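Let me begin by presenting the structure, written as structure tokens, before commenting on it.
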Amino acid sequence: MNEQHLSTLEQNQLKSSEAIIEKTLGAFAKCGIELARIKDNRLYREKYGTFEEYVKVRWGFERNYAYRLIEAAEVKRDIEKVYPNGIQITNERQARALAVVPKESRARVYKQAVKTGDTTAAGIQKAAAQIVIRDAAPKPSKNDAVLVDETGYPIPNTVALEYWERSDEVKQVLDLINKAKSAVGDLLDTKDRLWHEAHIQSAHIDLKNAFRSMATAMPYAVCGYCQGQTTKTCTFCGGKGLVSKHAWNLIPEEIRDIRAKTMTKKVVPMEAKA
Ligand SMILES: [Zn+2]
């Protein structure tokens, strides 16, 4: 018998499994809608002090998860308003990819994803990058000097700019750690009994790690997902609108390339002008 071939028993199993999946698809949205109803009308109030407490005790959800479900349901509803038929938002990951897109652009992003034939979370992410980047591309005017990030992309005048201008605060902390690191480093080969009990080598390694860890706070580029625009819902930059060099390199090359293409116009960095 052909290995590919399904027996009657297997065919029935597949059918019943798929029937269950069909029913369950989109269940995240139903959960989200009902959670929102309970939250908005404070239907938990008889037994629980807060919505957070309710979802935790009653459902074992972390607060963030409950909010993600609610948000995902809203995204699904927004898209279905524009596309009543043929909707393929069946999982939370797709909804989350759309959640970082500004509300008014969601339908267009989804449309673009449909056009390219990829409505998976990754496809939506790519479509979002194309559309949001195009919308967000700051138009450099010939008189204004525009502050650009380390990739040369203009920093939008949103919270992203505020955080960018606070880079010095990160630098100050890094300088302090660096000073401590060199002070300890100078003692690495010491024979001075003053330091007899100190674990100098491991302290030195700890300080190196501390530097690396704190350095990720240093802004490197405007966030590749929200472009510094939709920072409240962007899970990638956490609402900062900016990301570190490390995080920037985690963004798929395709998305980075799309953005690079919007930067064909020459922008004069502020420092260079001064
Ligand atoms: Zn972001």
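The values are calculated or read from the model by the stated rules, or taken from the named source; none is laboratory data. Nothing here was measured: the structure is a model prediction, and the numbers come from that model. Every residue, glycine as well, gets a Cβ built from its backbone with ideal geometry; the counts of neighbours run over all protein chains shown.
The helices (runs of 4 or more DSSP H) found wholly in region 158-253 and carrying at least 2 residues that are more than 10 Å from the ligand (Cβ to nearest atom) and touching a residue at least 60 places away in the same chain (Cβ under 8 Å) occupy 159-164, 245-250.
Could you tell me which of the residues Gln130, Gln125 is at pLDDT below 85, under 16 Å from Pro102 (Cβ atoms), crowded, with 17+ Cβ neighbours inside 10 Å and not small (Gly, Ala, Ser)?
Values: Gln125 fails: at pLDDT below 85.
The match here is Gln130.
In this structure, Asp257 does not satisfy being more than 15 Å from the ligand (Cβ to nearest atom), among the charged types (D, E, K, R) and modelled with pLDDT of 95 or more.
Scanning region 190-236 for residues that are surrounded by fewer than 13 Cβ atoms within 10 Å (Cβ to Cβ) and of a type in the set (Ser, Thr, Tyr) turns up Thr190, Ser202, Ser213.
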